[in-house]
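Read through the structure below, which is laid out as structure tokens, and then see the notes.
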Amino acid sequence: MTPPKFIADLFTGPDGRTWHLGRVGAVPMLVSGLALPWGVLLSGKELDLMSALGGYGALAAGVWALVHGARNMDLMPGETGAAPQGEGS
């Protein structure tokens, strides 16, 4: 079963087949970041900012590690990742 084109475009690399773990890992951060303020407002509880920032910091560090570790997945097939002649230093 192939995923819809919208999902494949969001979560796969340029080849359209390889899943990009950093993009998939960013989804929980986005969803929880959007849900936290509403959850606090609707529950009527106080928000412990230090706990929230610690949790988001750990989640962001994990997503950053996935994105940084999977950056070679953003190369098109056949590319080596080296800067072309005349670019870079």
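Read-outs throughout are calculated quantities, based only on the coordinates presented, and are distinct from any laboratory measurement. The shown structure was predicted, so the numbers you read here are calculated from the model rather than taken from an experiment.
Remarks
- Rounded, prolate or oblate (a/c below 1.5 giving rounded, otherwise prolate when a/b exceeds b/c) for segment 11-73 by Cα gyration tensor: oblate
- J(HN,Hα) series, segment 12-29, from Karplus relation 6.51 cos²θ - 1.76 cosθ + 1.60, nearest Hz, glycine and proline x: 10, x, x, 6, x, 10, 8, 6, 9, 5, x, 5, 5, x, 6, 4, x, 5
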